[in-house]
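One structure is given below, encoded as structure tokens.
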Amino acid sequence: MKLSAVDQLVVVSDGDSYAASMGITYPVNGGNAQYFLEDGDGKVTEVSPVFADENGRRLIFFPQLFSAAESKYLAADGLITFRFNSRTSDEAIIAQGTMAQFSNGTALRSGTWNTAAQGATAQTYAQVFKTGVMTLGEGANAIQVPILQIIGQLAYRTKNDIAFFCTCQVGDAELTCKGDVEIRSKTADNYKVVISATSSAGGNDQVINTRSETITLAASLLHNGTAVSVAGNGVTFRWYKFGDSSTTLGTQATLSVTEAMVDGVAEFVCEVTYNGSTYSATITINDIQDQYMIEKGRVTKDSSNNTVENTGILKPSYSVTYTPSVIDKVTGAAPSGLPGTWSYTFVVKNAAGSVISTTQAATLTVTGTTVKSAGGVTVLITAENSSI
């Protein structure tokens with residue numbers, strides 16, 4: 001039997017009690033990239049994908065403001081500002097206002113995104129962006145957050161990657177987060193795999209909540225932002241779990257994931273082969289139905305080795321040590337009567353999803369300096385018992 005758990009760590013500067021990160025909702029069969037063509041005069045003539053054309057599904061940015069003291073996401077209570085390519089410049093403001101103004105559609109600035117000299121036609125902010133609100137979290141912890149939707153063609157203004165900044169007021173604190181859109185020239189080798197998840201209960205979902213629920217994963221191969229047709233083009237698919245590449249779970253564009261396939265947390269990988277080259281992407285599925293789970297055993301300490309609040313948000317001088325164990329969800333204790341022993345593997349990834357380290361041991365320590373330099377880390381813990 002193999003169980004998995006995932007933990008995320010971020011760093012805030014000494015003295016801070018809040019952390020901000022940019023949340024991103026990706027369109028189905030699309031990522032955070034737009035691709036362009038230009039004519040002999042350097043004018044942009046074509047951009048794809050146009051997010052507004054994908055059945056209303058768009059690339060959406062929203063701030064996630066986290067309180068270390070309260071261990072929860074917070075709603076902005078003052079002015080909210082979205083800018084491009086600058087954290088502070090007034091000239092870079094796209095939208096600004098209160099939550100009420102984002103809700104009623106009056107937060108978007110009037111302005112020109114590009115001139116006719118930069119592309120086929122001139123565009124205003126209203127043709128490229130749309131503001132609004134969305135719900136973050138569930139139940140008593142649900143809050144409303146402002147959103148900036150990309151509905152048009154960004155590459156007309158610039159041919160470089162674009163950074164979007166959102167600055168929010170929370171009490172006396174001003175928090176800024178950042179999200180990116182890749183701007184790429186269309187070339188013959190621009191291929192990218194994207195994976196979407198749809199629950200049998202409806203909607204986009206990566207959590208199995210009941211034993212009967214299934215999640216359908218759908219992989220697409222994009223060429224310059226446009227899906228490559230599978231039929232007759234020799235496109236092949238192979239699905240497997242991260243860490244177990246020798247076992248093929250499926251060879252179609254879609255994979256139906258059941259509760260039995262996910263031991264707590266599982267990362268599914270899809271390899272797509274086309275024209276002799278292979279491209280891949282991963283997606284994480286959580287299962288809250290398993291009888292057994294990994295207790296992460298996370299302890300956070302300061303530079304003097306004193307135990308401090310254990311939230312996953314660190315100061316650079318802090319460190320986190322994991323000493324995991326397997327427990328029974330019903331009893332909360334170690335499972336009784338099981339043969340064999342559990343061995344643990346830790347995989348640490350940076351903010352870009354690249355593997356920093358893989359360690360097989362009973363414990364793992366991650367320093368705040370490592371987390372800071374990596375832009376935040378994800379720790380995947382795997383427990384394996386070969387006797388079950």
* To do: Quick one: which residue in THR135, THR131 is under 22 Å from the mean Cα position of the chain (by Cα), among the β-branched types (Val, Ile, Thr) and over 30 Å from TYR35 (Cβ atoms)?
  => THR135
* Please work out if ILE327 is under 19 Å from ILE208 (Cα atoms), part of a strand (DSSP E or B) and β-branched (Val, Ile, Thr). => no
* **Residues located in the stretch 85-97, provided they are open to solvent by 20 Å² or more (accessible area, probe 1.4 Å) and either out of contact with any Ser or Thr (no Cβ under 8 Å at 6 or more places or on another chain) or under 15 Å from LYS178 (Cα atoms) (or both)** => ASN85, SER86, ARG87, THR88, SER89, ASP90, GLU91
* To do: Determine if the stretch 177-189 includes at least one residue that is surrounded by 19 or more Cβ atoms within 10 Å (Cβ to Cβ) and small (Gly, Ala, Ser).
  => yes
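Please go through the stretch 248-276 and pick out each residue that is hydroxyl-bearing (Ser, Thr, Tyr), in a loop (DSSP other than H, G, I, E, B) and open to solvent by 60 Å² or more (accessible area, probe 1.4 Å).
Going residue by residue through the stretch 248-276, those that are hydroxyl-bearing (Ser, Thr, Tyr) are 248, 251, 254, 256, 258, 273-274.
Right, trim to in a loop (DSSP other than H, G, I, E, B) and you get 248, 251, 258.
Within the stretch 248-276, THR248, THR251 qualify.
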* Structure fact -> Checked VAL366, VAL379 against criteria (outside any loop (DSSP other than H, G, I, E, B) and either open to solvent by 30 Å² or more (accessible area, probe 1.4 Å) or in contact with an Asp or Glu (Cβ under 6 Å, 6 or more places away or on another chain) (or both)); the one match is VAL379
* **Every residue from the stretch 11-49 that is modelled with pLDDT under 70 and in contact with a strand residue (DSSP E or B) (Cβ under 9 Å, 6 or more places away or on another chain)** => VAL11, VAL12, ASP16, SER17, TYR18, ALA19, VAL28, ASN29, GLY30
* Asked: What number of residues within the stretch 62-93 are acidic (Asp, Glu) and either closer than 17 Å to ILE150 by Cα or modelled with pLDDT under 90 (or both)?
  -> 2
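Restricting the stretch 332-348 to residues that are at pLDDT 90 or above and open to solvent by less than 40 Å² (accessible area, probe 1.4 Å), which is farthest from VAL10 (Cα to Cα)? Walk me through it before giving the result.
If we filter the stretch 332-348 for residues that are at pLDDT 90 or above, which is where we start, we get 342-348.
With open to solvent by less than 40 Å² (accessible area, probe 1.4 Å) added as a condition, the list becomes 344-348.
Values: TYR344: 23, THR345: 21, PHE346: 17, VAL347: 16, VAL348: 13 Å.
My answer is TYR344.
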* **Those residues of the stretch 312-331 which are open to solvent by 50 Å² or more (accessible area, probe 1.4 Å) and of a type outside the set (Lys, Arg), in sequence order** => SER317, THR323, VAL330, THR331
* To do: For residues that are outside any strand (DSSP E or B), at pLDDT 85 or above and open to solvent by 60 Å² or more (accessible area, probe 1.4 Å), tally how many sit in the stretch 277-311.
  => 5
* **Condition met for THR300 (hydroxyl-bearing (Ser, Thr, Tyr) and over 23 Å from ASN209 (Cα atoms))** => yes
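The values are calculated or read from the model by the stated rules, or taken from the named source; none is laboratory data. Keep in mind it's a predicted model, so treat the numbers as computed, not measured. Cβ atoms come from the backbone with ideal geometry, glycine included; neighbour counts cover every protein chain shown. The protein model used for the area step is the full one, side chains on, heavy atoms only, and it has no ligands, DNA or RNA in it. Shrake-Rupley method; radii C 1.70, N 1.55, O 1.52, S 1.80 Å.
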